[in-house]
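Down below is the structure, laid out as structure tokens.
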Amino acid sequence: MKGDVAKSVNFNNLLITIPAILYALTIHEYFHGWTANKFGDPTARLQGRLTLNPLAHIDILGALCFVFANFGWGKPVPINPYNFKNPRRDNVLVSFAGPASNFVSAFLFGVIFQLLRNTTFIPMNVSTNLFNLLLSGIMMNLSLAIFNMIPLFPLDGSHILEGLLPSAMARKYKEIERYSPFILLGLIIMGNYGGISIFSMVLGPPIHYFLRLFTGL
């Protein structure tokens, strides 16, 4: 009986978590493509990535990391910076658009959460699921926004930092870019199997700060 209850709880949590993950990944990648298109690069639009269809943006490994580790990534939107009028500046803005869309989404979900929290006409079973969905949406969007600001390639933070650095330093930074995925993978493995979660120590405090701020809890 206890096992059945546990399975039911886990299944319910999964039903709430999956829509939040799909939304966070989709809005993130969509706004990368939307911003690039506005700055003159139609690559994402021409390849069918300028869409709110989650199937176009889901990276299976990144989505699984979200389910089991509360952070992850979507399938990167193709960007051709040579189409930009000001490649360095525009690439920074395009890279920042993804995390910014998640942060704004988390804020808006928080506003809805606080507006509904004192509402009495919503049935209890509906309000519980709705509040859990909103909380999951806030958490997933904050996690994706803050995780992607880490300055390790291929995360958005690496493109932002590269664009903000002086040209000489940016070239040196780009030289170590090929090692960044291995550093990223090593940190993930260290957290999952070594008991030393650098990501939790670095990302946890800002995520929980904004979670409390947006929900008022």
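Output the number of residues of segment 168-183 satisfying the condition of being modelled with pLDDT of 85 or more, open to solvent by less than 80 Å² (accessible area, probe 1.4 Å) and farther than 14 Å from V92 by Cα.
Going through segment 168-183 one residue at a time, the tally reaches 2.
Do we find a residue being out of contact with any Phe, Trp or Tyr (no Cβ under 6 Å at 6 or more places or on another chain), modelled with pLDDT of 80 or more, at negative phi and of a type in the set (S, T, N, Q) anywhere in segment 149-167?
Yes - at least one qualifying residue is present in segment 149-167.
Can you go through F103, F153 and tell me which one is assigned to a helix (DSSP H, G or I) and open to solvent by 60 Å² or more (accessible area, probe 1.4 Å)?
F103
Any idea which of (1) buried (at least 18 other Cβ atoms within 10 Å of the Cβ); (2) assigned to a helix (DSSP H, G or I); (3) without any contact (Cβ under 8 Å) to a residue 60 or more places away in the chain is the one I27 doesn't satisfy?
It is condition (3) that I27 fails.
Suppose we keep only residues that are among the charged types (D, E, K, R) and surrounded by 13 or more Cβ atoms within 10 Å (Cβ to Cβ) within segment 44-86. Which one would you say is modelled with the lowest pLDDT?
Only one residue fits best here, namely D59.
Sort out which residues of segment 184-217 are part of a helix (DSSP H, G or I), at pLDDT below 80 and either among the aliphatic types (A, V, I, L, M) or closer than 26 Å to S136 by Cβ (or both), and write them in order of number.
Matches in segment 184-217: L184, L185, L187, I188, I189, M190, G191, N192, Y193, I198, F199, S200.
In segment 72-89, which residue that is in contact with a Pro (Cβ under 7 Å, 6 or more places away or on another chain) and part of a helix (DSSP H, G or I) is nearest to I58 (Cα to Cα)?
P81
The values are calculated or read from the model by the stated rules, or taken from the named source; none is laboratory data. Since we're looking at a predicted model, the values are computed, not measured. Neighbour counts run over all protein chains shown; Cβ positions are idealised from the backbone, glycine included. When the accessible area is computed, the model is the full protein with side chains, heavy atoms only, and any ligands, DNA or RNA have been set aside. Shrake-Rupley method; radii C 1.70, N 1.55, O 1.52, S 1.80 Å.
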